[in-house]
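Q: Below you'll find the structure I mean.
Quick note: the coordinates plus some simple rules give every number you see, no bench work behind them. As the structure is a computational prediction, the values presented were derived from the model and not from experiment. Positions of Cβ are generated from backbone atoms using ideal geometry, with glycine treated the same way; all protein chains shown enter the neighbour counts.
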Amino acid sequence: MAIRQARHSRALPLCLLGLIAPFADARAQTTVDTRMERDTVGARSRPEVETAGARVGALLISPSFGIEADATDNIYARSDTKRGDVALAILPALAVRSQWSRHALGLSAEGTVKRYARRTTENIETYAVKLDGRLDISGDTRLSGDIGTARRIEARGTTGDTLFGAAPIAFTQLSGGGEIEQTFARARLTLAGRYERFRYEDRELGGTVIDLSQRDYEALTGSFRAAIGVGPGVAAFASLQAASGPVSRADRKLEAPEIGRLNAYLRANITRDIRLEDMAAVLGMSKFHFIRCFRATTGRTPYRSLLDLRCEIALEALKAGRSAVEAAAASGFDNAAQMSRSLRATLGVSPRDIRG
């Protein structure tokens, strides 16, 4: 059973007297223009590419549907072995927003179903659902918040996701946040908080279950922001942020179930070229963290243990009467000569000694 640790770090970055100078109307005088913080490129509407939606009572409903096709020559994002494929993705989405004069409520949902032509283990399904709203308590005070959940996929090539044959790493994300904003004659105060939780799904490779629960984590952030108008279209602000989140786990000894999963993976894939990244991925670790934990547990390097296992399997094959060439192939050595050298260096015997 994998160990979960709830370690957190505290960070208090402080940003003082930042100046925002948007192209605001000179009528703003010394008030804090809301466009200074909210009128970003990502927040602006794009009628030329976005659907207008259908008005149903006080709601605006905007469904959409997309199809994408792509091709890659390196689907696993590995430098040693490259595999290509083509894929087709279907992307449905739905957005519902209120059209009230005061307050606001919105719901958005989107999904992706992607299918590959040959490497079907890369097929993915993702989704995201979010509910958000705003309560206008008064003309100067408003409360807003959101809550959502999503299933996402880590991109190939990231830490722990270099295995052939195993589906990409999937995780679910639960998030929620709230914000209260108070406006005065020349100033605006904003207090906000946010919570996020990530849960990683187990993987399976060759009948071996890879437990990724040790990668689960939670994060909590909070912020306070004060802005004051100092001139037409210009505001000064001060912000304070605090964050609580996971830190890297200290090096430790591997548990017996983890050693068992690793050994099962190595035996099932002994004829393959097994890399350090592959072994680390079985336990959901980075390569260097895995090396340190493995040495703390066994006193040896992972490569030395892999070589010992290859020699053990070769020895079993030779004792069963198989030829040197067959034994080398069964234990993952490049050839019989390499196997012979390794047996002499590790066990002090040769294939001839064993068969004789």
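Q: Restricting to Cα atoms and excluding each atom paired with itself, what does the Kirkwood estimate give for the range 230-299 in Å?
A: The Cα-based Kirkwood calculation yields 15.4 Å.
Q: Run through the range 208-306 and list the trypsin sites (Lys or Arg not before Pro) located in a DSSP loop whose Cβ has at most 15 other Cβ atoms within 10 Å.
A: Within the range 208-306, the qualifying trypsin sites (Lys or Arg not before Pro) (loop, at most 15 other Cβ atoms within 10 Å) are ARG249, ARG252, LYS253, ARG272, ARG300.
Q: Need one number: convex hull volume per residue for the range 53-114, Cα atoms only, in Å³.
A: 97 Å³
Q: Work out how much length GLU201 to ASN263 would gain on full extension: take 0.36 nm times their residue separation and subtract the Cα-Cα distance, in nm to one decimal.
A: Stretched out fully, the GLU201 to ASN263 stretch lengthens by 20.2 nm.
Q: Karplus couplings for the range 327-342 from phi (6.51 cos²θ - 1.76 cosθ + 1.60, θ = phi - 60°), rounded to Hz, Gly and Pro as x?
A: Ordered by residue, 3J(HN,Hα) equals 5, 5, 5, 5, 9, x, 7, 5, 7, 5, 5, 5, 4, 4, 4, 5 Hz.
Q: Tell me which residues come under 5 Å, amide H to amide H, from VAL230 once H is placed; ignore anything under 5 positions away on its chain.
A: Here ALA235, ALA236 satisfy the definition.
Q: Report the chymotrypsin sites (Phe, Trp or Tyr not before Pro) located in the range 59-137 that are in a DSSP loop and have at most 12 other Cβ atoms inside 10 Å of their Cβ, or state none.
A: Passing both the DSSP loop test and the Cβ count: TRP100.
Q: Along the three principal axes, how long is the range 229-356 when you take its alpha carbons, biggest first, rounded to the nearest angstrom?
A: 94, 28, 22
Q: Using Cβ counts within 10 Å as a stand-in for footprinting exposure, how do TYR200, TYR265 rank, fewest first?
A: Lowest to highest Cβ neighbour count: TYR200, TYR265.
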